[in-house]
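Colleague: To start, I am sharing the structure in question, which I have written as structure tokens.
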Amino acid sequence: FSKAMAEDEKVGARKYDQVSQNSIWREHVKKERQMLTLNENFRLNPHALTANMIAGKPNVDPARIGQKVEAAEDMIAELNKILKDTKKVPTEKYSEPIASSHEIGWYSVPLMQNRKKMGVKNCDITAYANDYTQAMGRNPFAAKDPIVKADK
């Protein structure tokens, strides 16, 4: 009994002829095409556009050779709208979660609304460090000698 024969007789192993393989492939492609949807609303990321813009030649005035110098008003308005839409969070863009990972926290409300408006409160040590830095020109926690030295 050779190894080749043992491999041919593996449990569950099937051999397909070329016609069967082609038929299986056709079914696979048919299923794939049924699930395929073409995204026709494609647009470039406007942030990538501004990063890769190439300026014109510095010695050529486009108005003099008959080219438009400014973009159309509707084009500028559309670009501004797209830029505003890219800064929105997912809950503002979509009415429902798009991915399963969005479901966690989608309907929650933040515990603290806009914490940046609360301001930062200084403790006594921070106030001392600020005063010391202004008076002596150096941080009190630095390992170096202060710039202003007291006379003995």
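The values are calculated or read from the model by the stated rules, or taken from the named source; none is laboratory data. Keep in mind that this is a model prediction, so the values were computed, not measured. A quick note on method: Cβ atoms are made from the backbone with ideal geometry, for glycine too, and the neighbour counts reach across all protein chains shown. Calculation scope for accessible area: heavy atoms of the full protein, side chains included, ligands and nucleic acids excluded. Shrake-Rupley method; radii C 1.70, N 1.55, O 1.52, S 1.80 Å.
Colleague: Starting with the highest mean, order 24-37, 124-137 by the number of other Cβ atoms within 10 Å, averaged over the residues of each peptide. Don't skip to the answer; put the middle values down first.
Modeller: On the way: 24-37: 8.9, 124-137: 11.6.
Final packing ranking: 124-137, 24-37.
Colleague: Moving to a separate point now. Quick one: pull the percent of accessible area on the range 53-109 belonging to carbon and sulfur, 1.4 Å probe, ligands and nucleic acids left out. Please list the in-between numbers first.
Modeller: Numbers: 3040 of 5400 Å².
Accessible surface attributable to carbon and sulfur in the range 53-109 totals 56 percent.
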